[in-house]
Amino acid sequence: MAWPYIFQRGTLISQFSHHHVVVFLLTFFSYSLLHASRKTFSNVKVSVSKQWTPTAFNKSTELPAEIWSSNHLFPNAEEATLFLGTLDTIFLFSYAVGLFISGVVGDRLNLRWVLSFGMCSSALVVFIFGTLTEWLHFYNKWFYCCLWIVNGLLQSTGWPCVVAVMGNWFGKAGRGVIFGLWSACASVGNILGACLASSVLQYGYEWISVPVSPHPLQHLSFSVVLIMAILYAFLVTASVQFAGGIIIFFGLLVSPEEIGLPGIEAEENFEEDSHRPLINGAENEDEYEPNYSIQEDSTITQAKAISFNQACCLPGVIPYSLAYACLKLVNYSFFFWLPFYLSNNFGWKEAEADKLSIWYDVGGIIGGTLQGFISDVLQKRAPILALSLLLAVGSLVGYSRSPNNKSINALLMAVTGFFIGGPSNMISSAISADLGRQELVQGSSEALATVTGIVDGTGSIGAAVGQYLVSLIQDNLGWMWVFYFFILMTSCTIVFISPLMVREICYLVQRRHAHTLNE
């Protein structure tokens, strides 16, 4: 079992365990801050839609038409909603392209520099998008699109870098549970962003709910409150993210070698099967027949970055990338549209919908940690993923029929997050680290960011296409057909990992049979 193996080697780990804790926390909160800034945009969609729509069509807030005449972008709320979906799609496409690039760059430059630059620069873009444009009363669709393209490219530096740093510090032993717990950073970021946005929005709506005075200046004050709520929602998250980037630049240690400690490869040599990847079902290294070698001489210990094509050819990279494209589509649809769905479908206030959406992330945190622990015990990932995704289909059916009851909705939402968010966290973190450290790479840490970028980049392409499809399906067919679409994509995820699942199940059966014979 993998978990006790951590404690069997406790004497080696205890020499620098405090460095592990610091790296864990810094990478955890750095990516949490990146996700918080994305979640802020998701949580203020209703307010932004009101701000961009003239009062003749905006019945939610009664304000004189002249207040909206200088800043409205769309003739009705439907077009505003479609443009918000377009911004999500633009962000995810640029994010996907950036991931393929950032992974390669991260394996060739200092990961700390790349991560810090991405965080600080993205914070500036978010500040311009949500705060500076409001201060200057500048509203332009093309300008928003350009900003969100740049933001997607900058934010793409985050995930490959933090996964690579974690892979440098934490070995295969217990990787499932450690990375499962650590991958909650995205969900914690969502919760943080939701809390920040809902608190600011709640303050704004408390003022807007005051009876409207006939005096024009009073009307104007309510409009200003709405604008200020949007403005400060972006300002707070951007400021915190920028400060986090500065801390990362001065505080993060990329690898143990930076402070003279042995690398993770030295640790893993204590384990007899340290070079056998969890994502491969072969019983010994003789079964592998690679058609290329990343390092021709096994005696060469200097880390060398592998090429993009070599990373794509590693076993399991393409199947998991395609599977993640389908799964991230569903997971990010909940991320981008859940508060809007709750407010639009049930008529709940935006601030209440933001707080309720947290339960999806809570389910994802528990699911990723528990499923990672089970996969460590089995020493295989795919069977756990497949079982969780099968149950996810049922949870989607149940959630699509949730009544107009906040308690029941929160419970069903958490269950859905457990079975969808959990596998998504596993693929993007623990499995990506497994793929980047299999024996064909011969322990080179210079494959981790590239492989992570390929998996997450492919997933982001699927998510980008999905966000536009969600807005179209919802607008033409309704929310129930959106859930049918989610069920289809979840089923496709199972199909893509089914060859790996079958192979790993056969391996587990053979191992069990051999253990029985030995007894």
Checklist entry - Can you name every residue in the stretch 19-48 that is of a type in the set (S, T, N, Q) and either at pLDDT 75 or above or open to solvent by 10 Å² or more (accessible area, probe 1.4 Å) (or both)? => result Thr27, Ser30, Ser32, Ser37, Thr40
Item to check | Unmet requirement for Ala303, which otherwise passes all of (1) under 23 Å from Val470 (Cβ atoms); (2) at pLDDT below 85 | outcome: (1)
Item to check | Which listed residue is farther than 28 Å from Phe308 by Cα and either open to solvent by less than 40 Å² (accessible area, probe 1.4 Å) or in contact with a Cys (Cβ under 6 Å, 6 or more places away or on another chain) (or both), from Cys161, Cys120, Cys145 | outcome: Cys145
Checklist outcome for this item: Turns out the helices (runs of 4 or more DSSP H) fully within the stretch 98-186 with at least 3 residues that are over 20 Å from the mean Cα position of the chain (by Cα) are 111-127, 133-136, 141-155
Next on the checklist: I need the full set of residues from the stretch 454-465 which are touching a helix residue (DSSP H, G or I) at 6+ places or on another chain (Cβ under 6 Å) and under 10 Å from Leu92 (Cα atoms), in order please.
Outcome noted: Gly457, Gly459, Ser460, Ile461, Gly462, Ala463, Ala464
Checklist entry - How many of the residues in the stretch 394-412 are crowded, with 18+ Cβ neighbours inside 10 Å and in contact (Cβ under 8 Å) with a residue 60 or more places away in the chain? => result 3
Item to check | Flag if Leu235 is open to solvent by less than 60 Å² (accessible area, probe 1.4 Å), modelled with pLDDT of 60 or more and either among the basic types (Lys, Arg) or over 18 Å from Ala164 (Cα atoms) (or both) | outcome: yes
Checklist entry - Can you name every residue in the stretch 313-326 that is under 17 Å from Asp434 (Cβ atoms) and open to solvent by less than 30 Å² (accessible area, probe 1.4 Å)? => result Leu314, Gly316, Val317, Tyr320, Ser321, Ala323, Tyr324
Checklist entry - Out of Met480, Met489, which single residue is under 30 Å from Ser343 (Cβ atoms), touching a Ser or Thr at 6+ places or on another chain (Cβ under 7 Å), at pLDDT 85 or above and not aromatic (Phe, Trp, Tyr)? => result Met480
Item to check | Failed item in (1) farther than 30 Å from Leu411 by Cβ; (2) aliphatic (A, V, I, L, M); (3) modelled with pLDDT of 85 or more, with Val330 passing the rest | outcome: (1)
Item to check | In the stretch 378-391, the residues that are open to solvent by 50 Å² or more (accessible area, probe 1.4 Å) and over 13 Å from Glu504 (Cβ atoms) | outcome: Leu390, Leu391
Checklist entry - If you go through the stretch 504-519 one residue at a time, how many are assigned to a helix (DSSP H, G or I) and either at pLDDT 85 or above or more than 30 Å from Ala325 (Cα to Cα) (or both)? => result 9
Checklist entry - So which of Gly436, Gly367 is surrounded by 20 or more Cβ atoms within 10 Å (Cβ to Cβ), modelled with pLDDT under 85 and of a type outside the set (S, T, N, Q)? => result Gly436
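The values are calculated or read from the model by the stated rules, or taken from the named source; none is laboratory data. From a predicted model like this one, the values you see are computed outputs, not experimental measurements. Positions of Cβ are backbone-derived with ideal geometry, glycine not excepted, and every protein chain shown enters the neighbour counts. These accessible areas exclude ligands, DNA and RNA; they are computed on the full protein's heavy atoms, side chains included. Shrake-Rupley method; radii C 1.70, N 1.55, O 1.52, S 1.80 Å.
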